[in-house]
Every structure is written in C-alpha cells, then in structure tokens.
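The structure appears right after this line, and notes come after that.
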Amino acid sequence: MDPDRSAKWVTFARAHKMPRPEIVLGFHGLCLVKFVDDDDWCMGSLYDDGSVDCWAAYDDLYEALRGL
C-alpha cells in the first residue's frame, strides 16, 4: 500500500505521532507498518481515510505476520 499516510502509536492514555511509514501491508482492516530508520514492525488498524493507529510492535516481519 502507499506509505504516504499518517500513523500514530496508540496507548490507553493518548496517541503519539510516528515517523513516516516506509512499508504498509494491509490485511482486511488490519495492517503491518515498518517505519523509516526502524527495524521493528507495528500492527494496527487501517481506517478509510488512510490513517493508521498502531497498537502492537514486533521485532521482525515473521513475528508480525504470526501476530495477525
């Protein structure tokens, strides 16, 4: 998917803006995101406006895919 979108890290208390995504993989409303200059993958919700709310992090793509 096009990585030109906004992404936030969402916690119970508030949301934190994340750096620009490098890779975004969409899976029926969920997505995996890899950010520029970061080796971790984040899982999150993909919204109709193209924004992403991330709520889980994984060390590599294999673990992120298993987390789906």
ask   = When the chain is fully extended, how far beyond the present Cα-Cα distance does residue 68 get from residue 40, taking 0.36 nm per residue of separation?
value = 8.6 nm
task = Within the stretch 13-61, report the trypsin sites (Lys or Arg not before Pro) that DSSP leaves as loop and that have at most 12 other Cβ atoms within 10 Å.
result = 14
query = In the calculated pair distance distribution of the stretch 7-67, what percentage of Cα-Cα distances lie above 18 Å?
reply = 25 percent
Over the chain: helical MRE at 222 nm, DSSP H runs n ≥ 4 each giving -39500 (n - 2.57), nearest 500 = -2500 deg cm²/dmol
inquiry  = Just to verify a number: FRET efficiency for residue 56 and residue 23, C-beta to C-beta distance, R0 = 22 Å, to 0.05?
reply    = 0.85
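Read-outs throughout are calculated quantities, based only on the coordinates presented, and are distinct from any laboratory measurement. Small disclaimer: the values here were computed from a predicted structure and weren't measured. For neighbour counting, all protein chains shown are included, and Cβ atoms are generated from backbone atoms with ideal geometry for every residue, glycine included.
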